[in-house]
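Data first, discussion second: the structure below is written as structure tokens.
The values are calculated or read from the model by the stated rules, or taken from the named source; none is laboratory data. This is a predicted model, so every value here is computed, not measured. Note: ideal-geometry Cβ built from the backbone for every residue, glycine included; neighbour counts use all protein chains shown. Note: areas computed on protein heavy atoms with side chains; ligands, DNA, RNA excluded. Shrake-Rupley method; radii C 1.70, N 1.55, O 1.52, S 1.80 Å.
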Amino acid sequence: MNSSDPGQELRRIAVEVASAAAAQAAGWRTRGVEVSALKSSPTDIVTAADQATEAYISERLLAARPADGILGEEGDGIASSSGLTWVVDPIDGTVNYLYDIPAWAVSVAVVEGDPDPATWRTLAGCVVNPVTQEVYAASADGGATLNGRALRVSDRADLASALVATGFGYAATRRRHQAEVVLSMITQVRDIRRMGAASLDLCGVAAGRLDGYWERGLQPWDHAAGALIAREAGAVVGGLAPDSREGAAMTVAATPGITAALRAALSEAGAHLPPSDG
Ligand code: IPD
């Protein structure tokens, strides 16, 4: 590693690779987008740009860090021999990308240990929205930034005046349940946003543009970078229970002043209950 602080060097690589990949994907977007495949359901799409962006990111990361592994949304995965793995969402917010809604991002994180959110330690991460030209970055214990400016969560202290966000999975049964949870939450908060890119929702909490966010069913690449950025900006990030880890069962990120109330309201709404598909 070139730097005396490994986290800073990894963060630099994450920013460089995510920024270059985001610029490429934005260029492809201007030439139009077509769905190239369906994944878990007819609404769960993949575009040629998703695949090409992930291939580009993998190539750049392997050139810079040949012993590291890669876990990406679209690829087969590459095992690590260094103990570090890059966790990549080439285009988070693929449906927004398809519709040219300016809320999609390239998300690149590097984790230590097994590439499993239940146990990994995230060392650095970067989320780039090329449309708004926003580069969010963080390293473990090194703080979080937006375009180089330090990020801090909001100082909101009551749930009733909190602006929160959530997302929906792709399976119909899961979505129905998630909509029921929204129905319960909507009367308890200022308002609810569904923007369509989990990484940007987490960065929104980091930037104080949202007071909180929750979602069930996230994949590791959806939250790896954004969770670190939110945590480094002062958010409490985890699952539904205090001291639990974020992951597929539940991801909750919020400014400390509303975390307990948000978790309690979500538990009351049954946000953690089956169905488990999707
Ligand atoms: C999706 C987005 C969305 C979230 C879904 C994710 P993708 O990622 O982050 O906001 O609600 O759970 O799967 O499919 O666009 O990479």
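The apolar share of the surface of the stretch 111-240, taken as the fraction of accessible area on carbon and sulfur atoms (1.4 Å probe, ligands and nucleic acids excluded), comes to 48 percent. Would you please name the trypsin sites (Lys or Arg not before Pro) within the stretch 111-200 that are DSSP coil residues with at most 16 other C-beta atoms within 10 Å of their C-beta? Here the sparse-neighbourhood loop sites are ARG152, ARG190, ARG194. Heavy atoms of the protein chains alone define the surface here; on that basis the chain has 42 Å² accessible area per residue at 1.4 Å probe size.
For the stretch 48-63, putting each phi into the Karplus relation 6.51 cos²θ - 1.76 cosθ + 1.60 with θ = phi - 60° gives couplings of 4, 5, 4, 5, 5, 5, 5, 4, 4, 4, 4, 4, 5, 5, 5, 5 Hz, in residue order, rounded to whole numbers and with x for Gly and Pro. Each of LEU273 and TRP28 was given a label point 7 Å from its Cα along the Cα-to-Cβ line. The distance between the two points is 4.1 nm.
Computed over every Cα-Cα pair of the stretch 121-188 and binned at 5 Å starting from 0, the pair-distance distribution P(r) comes out as 4, 12, 14, 12, 16, 18, 19, 5, 0 percent. Over the stretch 163-204, the Kirkwood radius and the radius of gyration, each from Cα atoms, give a ratio Rg/Rh of 0.98. Sequence-distant contacts, meaning Cα pairs under 8 Å at least 6 residues apart, place the relative contact order of the stretch 1-102 at 21 percent. Charging the Cβ of each Asp and Glu at -1 and of each Lys and Arg at +1, and nothing else, the dipole of the stretch 123-263 about its Cα centre rounds to 300 debye. Working note: Karplus 6.51/-1.76/1.60 with θ = phi - 60° gives the stretch 31-40 the couplings 8, x, 9, 10, 5, 9, 6, 10, 10, 6 Hz, where Gly and Pro are set to x. Can you give me the Cα centroid spacing of the stretch 80-141 and the stretch 151-222 in angstrom? Value for the Cα centre distance between the two parts: 18 Å. For ALA144, the residues 5 or more places off, or on other chains, whose built amide H falls under 5 Å of its own are LEU151. Relative intensity of the stretch 1-122 on a log10 scale, I(q)/I(0) at q = 0.09, 0.22 Å⁻¹, equals -0.26, -1.25, per a Debye sum over C-alpha point scatterers of equal strength in the absence of solvent. Relative to the current alpha-carbon distance between GLU134 and ARG190, full extension at 0.36 nm per residue lengthens the span by 17.6 nm. Over the C-alpha trace of the chain, radius of gyration and Dmax come out as 17.5, 52 angstrom.
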